[in-house]
1. Specify the angular offset, from 0 to 90 degrees and rounded to the nearest 10, of the alpha carbon long axis of helix 265-274 from the longest principal axis of the alpha carbons in the chain.
2. May I ask which residue of Ala50, Ala191, Ser98 lies farthest towards the positive end of the charge dipole of the stretch 31-232, with charges of +1 (Lys, Arg) and -1 (Asp, Glu) on Cβ and the Cα centre as origin?
3. Mind jotting down the distance between the C-alpha centroids of the stretch 150-217 and the stretch 373-413, whole Å?
4. Want the number for Glu164 to Thr86: 0.36 nm per residue separation, take away the alpha-carbon distance, what's left?
5. Exposure proxy check: Met175, Met337 ranked by fewest other beta carbons within 10 Å?
6. PRE reach from Glu144 (point 7 Å along Cα→Cβ): which of the stretch 89-110 fall under 20 Å by backbone N?
7. Quick one: if you stick a label point 7 Å off each Cα along the C-beta vector at Ile390 and Ser227, how many nm between them?
8. Which far-off residues, 5 or more places away or on another chain, put their amide H under 5 Å from the one on Gly63, with H placed in the peptide plane?
Amino acid sequence: MAGDSFRVVGPARLSGSVAVRGAKNSALKLMAASLLAPGKNTLLNVPHIADVEIMAELLERLGCTVVHDTATHSLTIDVPELPGHTADYDLVRKMRASINVLGPLIARVGEANVALPGGDAIGSRGLDFHIQGLQALGAEVHSEHGYVLAKAPDGLIGATIELEFPSVGATENIMTAAVLAKGRTVIANAAREPDIADIGEYLITMGAKIEGLGTSTITIDGVDRLSPATHATLPDRIVTGTWAFAAVMTQGDITIIGGRPDHLEIPLDKLVAAGAVITTTPDGFRVKMDRRPTAVDVATLPYPGFPTDLQPMAICMNAIAQGHALVTENVFEGRFMFVNELKRLGATITVDGHHAAVNGLSQLSGAPVLATDIRAGAALVLAGLVSEGITVVEDGFHIDRGYPDFAEDLRGLGADVRRV
């Protein structure tokens with residue numbers, strides 16, 4: 001619920017096992033990509049989070065029939081032969097991933113009117129790369145009255161597109177537009193995130209011709225039509241990383257079922273440097289910590305670098321670590337907004353531009369704080385677990401957008417966390 005807060009009683013030590021479901025950032029984009037194939041598409045391992053419901057409503061307004069079976073974590077999307085082409089502001093403002101309908105709509109319908117997106121307050125994330133990419137494919141794109149208006153009445157034509165920055169969203173929109181374009185498209189300096197590969201695999205199952213997934217050069221040969229498909233969403237690496245940091249911060253022992261350590265090599269290396277023992281298991285991996293962590297420097301970078309979405313967790317860990325560390329944010333300039341909330345718990349942090357200098361304390365002290373975005377909200381709950389007394393994290397709806405059953409999972413690991 002929008003007014004919910006998370007009430008955390010600390011200190012706590014987390015122990016046990018927790019299952020990771022499908023990735024938010026992948027599921028939402030897979031849902032948008034479903035627009036490319038008329039008929040019934042089925043997505044498996046879809047998380048039960050608020051953003052999925054928002055994307056489902058957006059697709060329904062475009063003429064799709066969406067059924068989300070939360071018991072089996074499956075989602076069916078029945079796409080009409082001619083979807084609508086307008087994504088209204090009242091939904092798009094709630095979630096930036098709504099912009100991902102732009103590429104599929106212009107490829108399928110020949111036009112798209114998509115409101116400029118909202119989402120998390122973590123800095124400016126312009127659509128220049130998206131627009132330039134679609135223009136290179138022959139679309140006419142401009143912005144008017146708060147909407148991105150795109151037209152390609154004669155269809156799209158393959159092109160070579162070099163991105164100035166490996167933007168995930170731009171790579172996705174260009175890729176989903178190019179699969180139905182005439183000829184070959186090459187995306188140079190493409191994003192390499194596992195989410196991109198997941199969407200690409202889904203498109204290939206639909207009949208698309210794509211090579212180079214997971215590399216910085218993606219080649220797409222356009223086809224005339226795609227067919228509906230069934231695809232399982234990959235596990236959420238950011239939720240996985242959150243649980244790994246939670247184990248280290250609370251000097252705990254957590255087995256993360258479904259976690260993919262190969263998607264988190266640099267963050268897990270940092271946790272080992274902090275003192276964690278990490279071992280793989282048949283269905284995931286285990287993070288064990290038996291002492292106060294050692295402070296570690298972190299610098300965020302596009303994949304395979306340290307994810308910006310785990311930067312708040314790194315700051316929170318360093319806030320209770322031995323020593324001092326420098327955390328550098330190279331992706332989103334607004335990511336440090338939550339630092340002032342963490343300082344309300346007693347953390348010693350100095351922000352200078354895109355650097356945060358953190359001096360570790362043995363323990364924080366509980367206080368009311370405000371979640372400013374999804375990841376900051378989750379990180380503040382973890383900070384509450386290493387604070388003396390009660391921490392209340394307000395605006396818990398942010399957390400619900402990315403973490404299904406977060407309070408329940410924490411209680412299953414021994415924490416005293418509940419919604420109020």
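1. 10
2. Sorting the options by dipole projection puts first Ala191.
3. Their Cα centres are 35 Å away from one another.
4. Extra length from Glu164 to Thr86 when fully extended: 25.2 nm.
5. Ordered from fewest to most neighbouring Cβ atoms within 10 Å, Met175, Met337 come out as Met337, Met175.
6. Counting only backbone N, you get 89-90, 102-103, 105-107, 109-110.
7. 5.9
8. Those qualifying (amide H under 5 Å, at least 5 residues apart or on another chain) are Gly84.
Here, each number is a calculation from the coordinates, and none is a lab measurement. Predicted model, so just to flag it, every value in this text is computed and none were measured. Heads up, the Cβs are rebuilt from the backbone with ideal geometry, glycines too, and the neighbour counts pull from every protein chain shown.
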